[in-house]
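J.: I am attaching a structure below and will ask some questions about it afterwards.
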Amino acid sequence: MATILVVDDQPDNLYVLQRLLKGHGYTVMTAERGAQALELAETRQPDLVLLDVMMPEMDGFEVVQRLRANAATQSIPVVLLTANAPDERLKIQGLNLGADEYLTQPINNNELLARVRALLRTKQAQDALVRRNTQLAALLDIVQASTSTLDLGEVGQRLLAGALAATGMDMGGIWLLEGAELVALAQVGFPAEVSAARERVPLAETQVSAQAMLEQQPIYGAPRELYGPEHPLARVAETIVVLPLLHRGESLGVLQLATRQARQVDAEELAFLGAIVNAAATAVQNARLYAESNRHRQELELLDREKDEFISIISHELKNPLASIKGYAGLLQRRAKKDPTLQSAVKGLEVIEQQANRMSALLDQLRDVSQIGMDRFMIEPVPLDLTQLTQRVALDMQATTTSHEILLNIGAEPLMALIDEFRMSQVLSNLISNAIKYSPAGGPVEIEVYRSATPPHQPLELMAREWAVVTVRDHGIGIPKEAQERLFQRFFRAPNAKGGISGMGLGLYITREIVQRHGGYIWVESAEGQGSTFGVALPLLDEAAAAATHTALAEPVADATGR
Ligand code: ADP
């Protein structure tokens, strides 16, 4: 029932009012002076104040004024009572100062009671609204917490803060189930020794939490009764609520809220707390999954690095024996060619040398891929003419085939770009050797080198002024449409290449990496059964820039000659 503070300097009046109100079931506090009334209002938070206007030291008007000026008391309804005859001026003054009613003599008991009841009803509705508002704000914060961060510790702290703010409780914690233990995610407000003792709690020692999780129902009451008088919580809290954190029908842990005050936890509050723990459970689960997948990702990254490390070492180690195989095969070939009795071995030795060369190229590819994976793949570009470089590589490649004719279509002007000569030769020979390899029936391989401001397939983010472009075109087996997007992935080989033509599916992956490190891009156009065209575009160095880089590169040499 509601508590009413009655303030009057006349003990007789106090007595009469107290009797009347008590008779109707209200709890009554009394004060004979304004100052005392203010203190009681602030510390004891009555639901309503009945206030005499005429009092010594501080009159009723001043008391109202002060009640309204204090945040702790400003929403308590106040009824001013006066022994005087009605005076419209005073009434308006009282109401203006913030009184809710102004009753004058003769005061009718029934009217007084009716006014009190009405004011209390309004106050109750107002309080419920304020509570609801706080709850909603807290819930909103919790939902926000669960979507804005994936840090498990932070999620726990914010959930707890929200739950405490919404319920007005003083202490709380969230514990998550790990094996047969509840492990604290966050604790707030408990005395240090209590929270220290409850960092990890074996399930067997916490019947209440275990029961809440098992039955998936909240449990509330006095810790003294729930846990026994010896429990540390029994000394610090009078009321406690334990709610299971339920996610998809599974209890992940508990939320526990406690307060020093003995109080009821009503159905509405429990329903609200239910909503909080649902949000909490989802947030906790998300953060946990995130942490777990992060751990997995890190493990995978580590494994991937180790694998690259391993490939790098293996390909290096295999190069040495391979080099001596090649050396001896060459030596023996030269001897066999001179010795008529060894003619039959010549062919075999040739095959050994060829195969050793192939293997060496494969090992180089593996090493490149592992270097890329470990971020140790370096290029050192200098200004270089792409036309000349292409010409040179094309000539070398022509020596490897008799069934294909490499046709060059190039202009006379140099096309300067910043190029790592070794790596760009690798790009060109890879594209040309693919053109040869994937046109087993032979035929022309057509190479073009030209300058363009608008090469095909130019990506939006690479709008350089001009490009030096190389295209390599063959009339071989072509590439099925659906495979074209994946050609540049590690180990990918198109289905029509897999049967008869050997390869590892690494060349184009490395090629694209090299081209991209030059600030360029690579593309492919192809029709299955008709042939393919691969194109590479590199940002062109304009003449001024090329000359400037030339000078810059030349300077240290000039200095070294002693000028
Ligand atoms: P590999 O040739 O060792 O398989 P690449 O990375 O050089 O590896 O090429 C990847 C795949 O792209 C090849 O397996 C093949 O399916 C396809 N491909 C590359 N170049 C051509 C080409 N000129 N004609 C047809 N298919 C090609």
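The values are calculated or read from the model by the stated rules, or taken from the named source; none is laboratory data. Remember, predicted model here, so these are calculated numbers, not experimental data. Every residue, glycine as well, gets a Cβ built from its backbone with ideal geometry; the counts of neighbours run over all protein chains shown. Keep in mind that these areas ignore ligands, DNA and RNA; they rest on the heavy atoms of the full protein, side chains included. Shrake-Rupley method; radii C 1.70, N 1.55, O 1.52, S 1.80 Å.
J.: Among the numbered criteria (1) surrounded by 12 or more Cβ atoms within 10 Å (Cβ to Cβ); (2) without any contact (Cβ under 8 Å) to a residue 60 or more places away in the chain; (3) at positive phi, which single criterion is violated by G168?
T.: Condition not satisfied by G168: (2).
J.: Name, by its number, the condition in (1) open to solvent by 20 Å² or more (accessible area, probe 1.4 Å); (2) part of a helix (DSSP H, G or I); (3) free of Cβ contacts under 8 Å to residues at least 40 places away in the same chain; (4) not hydroxyl-bearing (S, T, Y) that does not hold for D375.
T.: Answer for D375: the failing condition is (2).
J.: Something else now. Just a yes or no: is a residue in region 542-554 among the hydrophobic types (A, V, I, L, M, F, W, C) and at pLDDT 90 or above?
T.: At the first step, the residues of region 542-554 found to be among the hydrophobic types (A, V, I, L, M, F, W, C) are 544-548, 552-554.
Retained after the next criterion (residues that are at pLDDT 90 or above): none.
Looking for residues that are among the hydrophobic types (A, V, I, L, M, F, W, C) and at pLDDT 90 or above, one finds none in region 542-554, hence no.
J.: Kindly check whether there is at least one residue in region 81-88 that is under 28 Å from A128 (Cα atoms) and of a type in the set (G, A, S).
T.: Scanning region 81-88 turns up no residue that is under 28 Å from A128 (Cα atoms) and of a type in the set (G, A, S).
J.: Being within 9 Å of the ligand (Cβ to nearest atom) and not hydroxyl-bearing (S, T, Y) is the filter here, so list the residues in region 500-511 that pass it.
T.: Narrowing region 500-511 to residues within 9 Å of the ligand (Cβ to nearest atom): 501-511.
Scanning region 500-511 gives I501, G503, M504, G505, L506, G507, L508, I510.
J.: Further, regarding this structure: Looking for whichever is open to solvent by 90 Å² or more (accessible area, probe 1.4 Å) and within 23 Å of P223 (Cβ to Cβ) here; the options are Q256, Q298, Q261. Which one fits? Steps first, please.
T.: On the way: Q256 fails: open to solvent by 90 Å² or more (accessible area, probe 1.4 Å); Q298 fails: within 23 Å of P223 (Cβ to Cβ).
On inspection, the qualifying residue turns out to be Q261.
J.: Any idea which residue in region 1-27 is farthest from V79 (Cα to Cα), counting only those that are open to solvent by 20 Å² or more (accessible area, probe 1.4 Å) and part of a strand (DSSP E or B)?
T.: If we take residues in region 1-27 being open to solvent by 20 Å² or more (accessible area, probe 1.4 Å) and part of a strand (DSSP E or B), then T27 is farthest from V79 (Cα to Cα).
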